[in-house]
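Written below as structure tokens is the structure these notes are about.
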Amino acid sequence: MGGFFGAVSHRDVVLDVFFGTDYHSHLGTRNAGLAVWSEEKGWVREIHSISNTPFRTRFEDDLRDMIGNIGIGCISDSDPQPLLVRSHLGLYAITTVGQINNAEELVEKYFSDHGHQFMAMGSGKVNTTELVAALINEGESFQDGIRHAQDVIDGSMSILLMTSDGSLIAGRDRHGRLPILVGRDIEGCCVSFESFAYQKLGYHTAYELGPAEVLKVTADGWEILSPAGDEMKICAFLWTYYGYPNSNYEGVNVEVMRNRNGEIMARDEIENGTMPEVDLIAGVPDSGVPHSIGYSNYSHKPLARPFVKYTPTWPRSFMPQEQQMRDQVAKMKMIPVPELIEGKKLLFVDDSIVRGTQLQSTVEFLYESGAAEVHMRSACPPIMYACKYLNFSRNNSDMDLLARRMINSIEGEEGEKHLDEYSDPKTERGQCLLKTICEKLGFDSLGYQSLDGLLEAIGIDRDKVCTYCWNGKE
């Protein structure tokens, strides 16, 4: 994943860009960058790894060398950026968020016109943002180039440009899988993924881009360079997992949706007679907590925190990059409250179950701490397909996913023909999947939110929500 923030104003915006970008740190853990422009210093750009150091700490010393009334910043889980590009369109800075599934094909096509080249990274691959810039440069204008890039990219790509003429150009991905909003104050405008990021800086929401829309933003306002398309497939995981609680997408607040989602899970379990007798309801920190609040409120079962995360040294569970170290850090962070565990029957709600490795460690330490029973609920359906648009879970293969591995262990390749049945707990195969995962991870019971329940909790037109990772439908 990742996120970006930009600002343009009649005043210096360096601190706005710094703090606005920092407020996207929950979206990525690999790289980050800032770029600003001023008549006095020209272009100033800094890129750092944030794998082991938070954005704010990593970039704080760079601010003394930055001034400017226009700037952009990014948090990136892909390649280093933003990049400075010089082309027939002028000199500009660019940052992107998304995934290109046909990158090699596009690179080879670009090479077919002799004389073109890319800077190669250590792996030999081309920087994704550099490839996007090359596609944009094939257009006669920024808007034509962005639309061209959106048309030829298989995947998803949101784009933010900063030009030296004092404007930002933002392009939302073709199907609007991620949001882009414009904020405004009395002296200028900003562009952001997260609405709360600019609200804390004194801006108010002024505009939200539609799918494939391209916008030019200046200190005095904005103009539409290319209108929005009709088809939107915004990512449901914005609400269930990686969106920040304060954020609003398509008019729906993240925290409100998560509470409602938990209520719907409890409602359906009561109606189906599958809710176990437990002593306490708890959320797997942090994003599982609001789902558990809704579950507790509706079921009238007490809410508690049987374990807490120790975050002063490792604030995010998906740091560092190495899986073995990440698993060990996750284990070290879970600090039990023995008085709320020993002899208790516990029901936990997590935002999702992806690979299941960290969850298995959590269950083991709960039993080691004296839990009588551990029941698990997932706030979304079983994940059956690795995301090919945003790669939110970093899975390179469907077989990295817990549900798919378990299905394969049950009936091998034959199971691939019956994924819909495995996703439905009312079917024999669905029950078999739940039983197999319970045996694998040590749960006393397991339940998943249904796709209908999840879409009900989001509350917008379900045809506008991307559900690919659950049902494989684009």
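May I ask you to list the residues in the range 430-450 that are in a helix (DSSP H, G or I), in contact (Cβ under 8 Å) with a residue 60 or more places away in the chain and crowded, with 20+ Cβ neighbours inside 10 Å?
437, 441
Output the number of the condition that residue 250 fails; it satisfies all remaining conditions of (1) among the charged types (D, E, K, R); (2) within 23 Å of the chain's Cα centre (by Cα); (3) crowded, with 18+ Cβ neighbours inside 10 Å.
It fails just one condition, (3).
Name the pairs: first residue in the range 140-156 and charged (D, E, K, R), second residue surrounded by 14 or more Cβ atoms within 10 Å (Cβ to Cβ) and part of a strand (DSSP E or B), Cβ to Cβ under 6 Å, at least 6 apart or on different chains?
147/226
Being over 30 Å from residue 300 (Cα atoms) and either part of a helix (DSSP H, G or I) or hydrophobic (A, V, I, L, M, F, W, C) (or both) is true for just one of 170, 266. Which residue is that?
When all the criteria are applied, what remains is 170.
Please work out which one of (1) surrounded by fewer than 17 Cβ atoms within 10 Å (Cβ to Cβ); (2) closer than 26 Å to residue 237 by Cα; (3) touching a residue at least 24 places away in the same chain (Cβ under 8 Å); (4) out of contact with any helix residue (DSSP H, G or I) (no Cβ under 8 Å at 6 or more places or on another chain) is the condition residue 53 fails and give its number.
Every listed condition holds for residue 53 apart from (3).
Which residues, counting only those in the range 83-100, are under 22 Å from residue 166 (Cα atoms) and either among the charged types (D, E, K, R) or without any contact (Cβ under 8 Å) to a residue 60 or more places away in the chain (or both)?
Residues satisfying the conditions are 83, 84, 85, 86, 87, 88, 89.
Name the pairs: first residue in the range 389-407 and under 12 Å from residue 356 (Cα atoms) and at pLDDT 90 or above, second residue among the charged types (D, E, K, R) and not in a loop (DSSP other than H, G, I, E, B), Cβ to Cβ under 7 Å, at least 6 apart or on different chains?
So the pair list comes out as 404/398; 406/440.
What do you reckon, is residue 384 assigned to a loop (DSSP other than H, G, I, E, B), of a type outside the set (Gly, Ala, Ser) and under 26 Å from residue 233 (Cβ atoms)?
Taking the combined requirement at face value, the residue satisfies it.
Out of (1) at pLDDT below 95; (2) over 29 Å from residue 29 (Cβ atoms); (3) crowded, with 17+ Cβ neighbours inside 10 Å; (4) charged (D, E, K, R), what's the single condition that is false for residue 194?
So the condition that residue 194 fails would be (2).
Among the residues that make up the range 202-215, is at least one of them outside any strand (DSSP E or B) and more than 30 Å from residue 259 (Cα to Cα)?
yes
If you go through the range 294-350 one residue at a time, how many are surrounded by fewer than 15 Cβ atoms within 10 Å (Cβ to Cβ), among the hydrophobic types (A, V, I, L, M, F, W, C) and at pLDDT 75 or above?
So the answer is 3.
Among the candidates 427, 362, which residue alone is β-branched (Val, Ile, Thr) and surrounded by 15 or more Cβ atoms within 10 Å (Cβ to Cβ)?
Every option except 362 fails the conditions.
Is one or more of the residues making up the range 396-411 closer than 20 Å to residue 273 by Cα and crowded, with 18+ Cβ neighbours inside 10 Å?
Looking for residues that are closer than 20 Å to residue 273 by Cα and crowded, with 18+ Cβ neighbours inside 10 Å, one finds none in the range 396-411, hence no.
Looking only at the range 334-380, count how many residues are part of a loop (DSSP other than H, G, I, E, B) and either in contact with a Ser or Thr (Cβ under 7 Å, 6 or more places away or on another chain) or farther than 19 Å from residue 436 by Cβ (or both).
Summing the residues that are part of a loop (DSSP other than H, G, I, E, B) and either in contact with a Ser or Thr (Cβ under 7 Å, 6 or more places away or on another chain) or farther than 19 Å from residue 436 by Cβ (or both) in the range 334-380 gives 15.
Given the residues 173, 151, which is the only one that is surrounded by fewer than 21 Cβ atoms within 10 Å (Cβ to Cβ) and either under 18 Å from residue 232 (Cβ atoms) or aromatic (Phe, Trp, Tyr) (or both)?
None of the others qualify; the one that does is 151.
The values are calculated or read from the model by the stated rules, or taken from the named source; none is laboratory data. Every value quoted in this text rests on a predicted model; they were computed, and no experiment measured them. As a convention, Cβ positions derive from the backbone with ideal geometry for all residues, glycine included, and neighbour counts pool all protein chains shown.
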